[in-house]
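Q: Mind having a look at this structure? Questions to follow.
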Amino acid sequence: MTSTTPDSVTTGEPTDGATEPLVVVEQREHGIRWLRLNRPPARNALSLAMLDALGDALAAAQDDHAVRVLVLAGNGPGFCAGHDLREIRTHRGDGDGGLAYFEKLMGRCAEVMQAIVHHRVPVIAAVDGVATAAGAQLVASCDLAVATEPSRFATPGVNIGLFCSTPMVALSRNVAPKHAMEMLLTGEMIDTDRAAAIGLINRAVPVDELESQVDALAATIAGKSSYTLKVGKEAFYRQLERPLVDAYAYTSQVMVTNLLADDADEGIGAFLDKREPTWQDR
C-alpha cells in the first residue's frame, strides 16, 4: 500500500451511533488524494449525511491545488450499495409522506454526481465489492474506474418498485443504450468482465493489486500539466452533448486557447528538445 501523510484528514459527522467519520481522506504522494466512503456495516449506503460528507470532501479538493488526482473508494466489504433504504423508509412516516426529504436527497445526490463530473481534477473509482444503484452511478460518474475481479455491478431498483432513474443518467452516458437498458430493466448483477466490455469500468485487477494499480494510474495522470487536464476534462464532457458541427467549433476554440497556454509552449519545446517538460500548471 502506498503510504499516506502522517495526518490524513477526515470529514463528515458519524451517524447511527457510529464513531468513525463518514468519509476518510488520505493524501498520498504525487498529489493523489483518496476519498473512502466509510459506512461498512451499511455497505457505504448513501445516506443524506454521507452525501453531504462526500460533497464536502470533493469541494475541499477543488480548492486545494496540491491535489492532482482524486480516487473514490469504499471501506469494508462493498463499494457502495446505493441510497440508504432504511433512511428512506423511515421518512415515509413524515407528515408529508417523505416528500421534502426525498426532494432534498435526490437534489443533493445530483449535486454530488455533477461535482465529480465537473471537478477540476480527474476522478478514479477504485471498486472493491458490490456497486449497486446509486453506487453504480458513482462508478459511472467518475472519469475512470478500476475494479477488483470479484466486484459486481447492478441497477436493481426495478426489483423493489423503484426504477433507477437518476443512476440511469450516468449509466447512459457511459455505456451503449441497449446495455444500459438491460441493466435497468432486469436489475441483474453483472461481473467485471461484462462491466469492462460495455464500458462501465476500464479494467479489472486482482484484489491485492487494486491500490497499487490505481496509484500507478493516478501517478501517471498526476505527472501531466494540471492546467491541461482541467481544460481537457471540461471540454470532453461539454462536447459530448453537442451536435457534431458545434462540437468541432467548440473544441477548436478550446485548442486555440490551450495552444496559447504556457504549458503548451513548454510541452512542445520539451518534445522538440528531447527533454522532460517542467510544468507550470498554467
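Q: Would it be correct to say that residue 185 is free of Cβ contacts under 8 Å to residues at least 24 places away in the same chain, surrounded by fewer than 18 Cβ atoms within 10 Å (Cβ to Cβ), of a type in the set (A, V, I, L, M, F, W, C) and over 24 Å from residue 38 (Cα atoms)?
A: Here the answer is no, as residue 185 does not meet what is asked.
Q: Name every residue in the stretch 241-263 that is over 28 Å from the mean Cα position of the chain (by Cα) and not hydrophobic (A, V, I, L, M, F, W, C), in order of residue number.
A: Result: 262, single match.
Q: Any chance the stretch 95-104 includes a residue that's in the same structural domain as residue 154 (by TED's automatic domain parsing) and in contact with a strand residue (DSSP E or B) (Cβ under 9 Å, 6 or more places away or on another chain)?
A: no
Q: Continuing with the same structure: Out of all the residues in the stretch 175-200, which are under 18 Å from the mean Cα position of the chain (by Cα) and either more than 11 Å from residue 136 (Cβ to Cβ) or at pLDDT below 95 (or both)?
A: Result: 192, 196, 198, 199.
Q: Can you find a residue in the stretch 54-73 that is assigned to a helix (DSSP H, G or I), within 15 Å of the chain's Cα centre (by Cα), farther than 28 Å from residue 150 by Cβ and among the charged types (D, E, K, R)?
A: The answer is yes, given that some residue of the stretch 54-73 is assigned to a helix (DSSP H, G or I), within 15 Å of the chain's Cα centre (by Cα), farther than 28 Å from residue 150 by Cβ and among the charged types (D, E, K, R).
Q: Among residues belonging to the stretch 135-170 that are surrounded by fewer than 16 Cβ atoms within 10 Å (Cβ to Cβ) and touching a helix residue (DSSP H, G or I) at 6+ places or on another chain (Cβ under 6 Å), point out the one that is nearest to residue 70 (Cα to Cα).
A: 149
Q: Among the strands (runs of 3 or more DSSP E) confined wholly to the stretch 100-170, which include 3 or more residues that are under 13 Å from the mean Cα position of the chain (by Cα) and in contact (Cβ under 8 Å) with a residue 24 or more places away in the chain?
A: Those strands (runs of 3 or more DSSP E) span 123-127, 144-148.
Q: Another question about this same structure. Hey, can you tell me all the residues within the stretch 171-189 that are assigned to a loop (DSSP other than H, G, I, E, B), in contact with a helix residue (DSSP H, G or I) (Cβ under 6 Å, 6 or more places away or on another chain) and more than 25 Å from residue 89 (Cβ to Cβ)? So that I can check it myself, show each step before the final result.
A: Going through the stretch 171-189, the residues assigned to a loop (DSSP other than H, G, I, E, B) turn out to be 173-176, 187-189.
Cutting the leftovers down to in contact with a helix residue (DSSP H, G or I) (Cβ under 6 Å, 6 or more places away or on another chain) gives us 174-175, 187.
Correct list: 174, 175.
Q: With the stretch 225-282 as the region, which helices (runs of 4 or more DSSP H) entirely inside it contain at least 2 residues that are of a type in the set (Phe, Trp, Tyr) and surrounded by 10 or more Cβ atoms within 10 Å (Cβ to Cβ)?
A: 226-240, 244-259
Q: Out of curiosity, is residue 219 surrounded by 14 or more Cβ atoms within 10 Å (Cβ to Cβ) and either hydrophobic (A, V, I, L, M, F, W, C) or part of a loop (DSSP other than H, G, I, E, B) (or both)? Full working, then the answer.
A: Numbers: surrounded by 14 or more Cβ atoms within 10 Å (Cβ to Cβ): yes; either hydrophobic (A, V, I, L, M, F, W, C) or part of a loop (DSSP other than H, G, I, E, B) (or both): yes.
The answer is yes for residue 219.
Q: Against the definition (surrounded by fewer than 21 Cβ atoms within 10 Å (Cβ to Cβ), modelled with pLDDT under 95 and under 18 Å from the mean Cα position of the chain (by Cα)), how does residue 4 come out, yes or no?
A: The answer is no for residue 4.
The values are calculated or read from the model by the stated rules, or taken from the named source; none is laboratory data. Every value quoted in this text rests on a predicted model; they were computed, and no experiment measured them. Note: ideal-geometry Cβ built from the backbone for every residue, glycine included; neighbour counts use all protein chains shown.
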